[in-house]
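Heads up, the thing below is written out as structure tokens.
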Amino acid sequence: MARIVMKFGGTSMAGIERIRSVAARVKREVAAGNQVAVVVSAMAGETDRLVGFCREASSLYDPKEYDVVVSAGEQITSGLLAIALQAAGVPARSWLGWQLAISTSDAHASARIQDIDMAALEASLAAGEVAVIPGFQGVDEHGRVTTLGRGGSDTSAVAMAAAMKADRCDIYTDVDGVYTTDPRIVPRARKLKKVTYEEMLELASVGAKVLQTRSVGLAMKEGVRVQVLSSFTGEDAPMADTLPGTMIVGEDEFWEEIDDMESQLITGIAHDKNEAKITLVAVPDKPGAVAAIFAPLAQANINVDMIIQNIAHAAGSTDVTFTVPAADLARSIEVLNQGREAIGFAELVHDTRVAKISVVGVGMRSHAGVASTMFTTLGERGINIQAISTSEIKVSVLIEEDYTELAVRVLHTAYGLEAEDVAA
Ligand code: ADP
Ligand code: ASP
Ligand code: MG
């Protein structure tokens with residue numbers, strides 16, 4: 001007997017037919033003798049709809065009430081799946097976040113899971129019941145409902161798997177694994193058998209939304225075995241324990257199956273259109289000037305990502321360019337304008353029509369030339385690079401948004417990631 005967590009995303013839960021198909025999939029795992037907890041998302045589009053209601057009700061809504069509203073989508077799907085399972089002859093019950101309880105911080109709309117009380121759930125699993133748990137929600141120390149940030153059901157599932165000491169956490173979605181890049185942009189993207197935690201963490205944080213970034217960090221910390229696989233396969237599809245999807249693994253396990261370490265440069269490419277670029281023109285070129293820009297942004301909890309400081313103008317001033325999340329642009333401008341005297345810039349220019357393209361791979365650690373391939377490839381296509389940032393296993397560039405798809409495609413080819421190249 002294995003213990004598994006099965007997580008189903010929004011498209012997998014979109015409508016009663018889909019929920020019946022999920023119930024059938026869960027039933028197969030139970031029939032194979034496994035103990036199962038299921039974590040579900042709201043139906044696709046539902047959370048957006050609920051967020052829209054909050055905004056319509058008031059632009060200055062109370063985040064505590066926002067969480068009450070937006071967590072409702074998962075309450076509905078968890079109840080519906082429990083009903084569908086019961087109808088299929090599988091004993092099941094739903095457990096809302098506060099009923100278990102899934103305790104979180106009180107940072108509404110982006111709360112962190114602190115603890116899951118397993119006593120009642122263990123008894124239920126031991127009695128042969130399937131536990132159906134709404135993802136994305138928890139309860140804080142004041143007894144208020146919280147949510148974990150968009151895409152947070154992945155994190156609920158991984159936290160559940162860690163608390164249950166599950167053998168595997170299977171994340172069912174609308175693609176059959178993690179690909180070299182978003183298969184909706186590059187149809188010839190290749191499905192990866194294995195990705196390291198570290199690579200997945202980087203990929204998720206630079207825009208590959210197949211897993212929520214926090215869920216990968218948690219899986220890495222807790223050593224949870226995560227598999228990404230499709231819920232859109234027929235009844236005769238191979239069982240999940242044959243690992244048909246993509247496994248997120250530690251580095252030792254990753255290299256085990258790579259025959260040609262030399263050619264393993266890049267694992268994946270991601271893009272992110274949700275950044276905005278700000279340039280402060282004519283900032284005094286003196287010690288402390290950069291600190292004067294970024295300290296107030298940090299105080300306002302605004303995450304600055306890429307930074308470039310141009311060479312000094314003759315007049316002893318310089319231009320500083322950086323990116324912030326597009327959602328924080330208005331606040332950033334306000335904070336910077338408030339500090340204008342202290343910073344001493346002449347002009348603030350901003351641009352939301354930018355995209356960040358990132359190439360990620362642990363192979364980069366031992367190979368030179370990854371960045372230069374990226375710059376040359378983009379240059380040959382006439383794509384201008386506006387900013388660059390790197391980590392040990394990642395290179396990111398900022399480009400004009402209109403070139404996003406083209407850039408991802410040409411880089412995918414340049415690094416030999418196409419499915420056919422592998423077969424060759
Ligand atoms: P769910 O609703 O199941 O949580 P998401 O929409 O959050 O699903 O994530 C799945 C989507 O992630 C896919 O439909 C795909 O378009 C996108 N995606 C982005 N990058 C990748 C990648 N490298 N591999 C696979 N899917 C990716
Ligand atoms: N329903 C939530 C969202 O759309 C959480 C999730 O699906 O992971 O963000
Ligand atoms: Mg998701």
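Each reported figure results from applying straightforward, stated rules to the coordinates on display, with no laboratory input. Model, not experiment: these values are computed from the prediction. Ideal geometry is used to build each Cβ from the backbone, glycine not excepted, and the neighbour counts take in all protein chains shown.
Numbers for the structure displayed
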| read-out | value |
| --- | --- |
| Alpha-carbon centroid distance for the pair the stretch 69-105 / the stretch 1-28, whole angstrom | 12 |
| Pairwise centroid distance, computed over Cα atoms, of the stretch 184-199 with the stretch 317-378, Å | 26 |
| Cα-Cα over 31 Å, subset of LYS165/LYS356; LYS64/LYS191; LYS27/LYS64; LYS209/LYS286; LYS7/LYS273; LYS64/LYS356 | LYS165/LYS356; LYS64/LYS191; LYS27/LYS64; LYS209/LYS286; LYS64/LYS356 |
| The chain: most fluctuating residue of ALA387, ALA84, ALA298 per GNM, C-alpha cutoff 10 Å | ALA298 |
| Gaussian network model of the chain, springs between alpha carbon atoms under 10 Å - residue of ASN384, ASN310, ASN274 with greatest fluctuation | ASN310 |
| Net lengthening on full extension, ILE311/GLU65 (0.36 nm per residue, minus Cα-Cα) | 83.7 nm |
| Pairs of Cα atoms farther than 35 Å apart, the chain, % | 36 |
| Normalised contact order of the stretch 293-424, rounded percent, pairs of Cα under 8 Å and 6 or more residues apart | 22 |
| GluC sites (Glu not before Pro) lying in DSSP loop within the stretch 139-210, provided at most 13 other Cβ fall within 10 Å | GLU141 |
| Estimated dipole of the chain in Debye, rounded to 20 [Cβ of Lys and Arg +1, of Asp and Glu -1, Cα centre] | 620 |
| Estimated inter-spin distance, ALA87 and ASP241, nm [label 7 Å along Cα→Cβ] | 2.9 |
| In sequence order, calculated HN-Hα J values of the stretch 35-47 (Karplus, 6.51, -1.76, 1.60; Hz; x Gly/Pro) | 8, 10, 10, 10, 10, 10, 8, 5, 4, 3, x, 5, 5 |
| Gaussian network model of the chain, Cα within-10 Å springs - most flexible of LEU243, LEU265, LEU211 | LEU243 |
| Derived scalar couplings ³J(HN,Hα) [the stretch 210-224; Karplus, 6.51 cos²θ - 1.76 cosθ + 1.60; whole Hz; x for Gly, Pro] | 4, 9, 5, 3, 4, 5, 6, x, 5, 4, 5, 5, 8, x, 7 |
| C-alpha long axis of helix 329-338 to longest principal axis of the chain, angle in ° | 40 |
| The chain: relative contact order in percent, alpha carbon pairs under 8 Å with at least 6 residues between | 13 |
| For the chain, share of DSSP beta bridges that run antiparallel, in % to the nearest 5 | 60 |
| Beta bridge orientation in the stretch 1-140: antiparallel %, DSSP, nearest 5 | 20 |
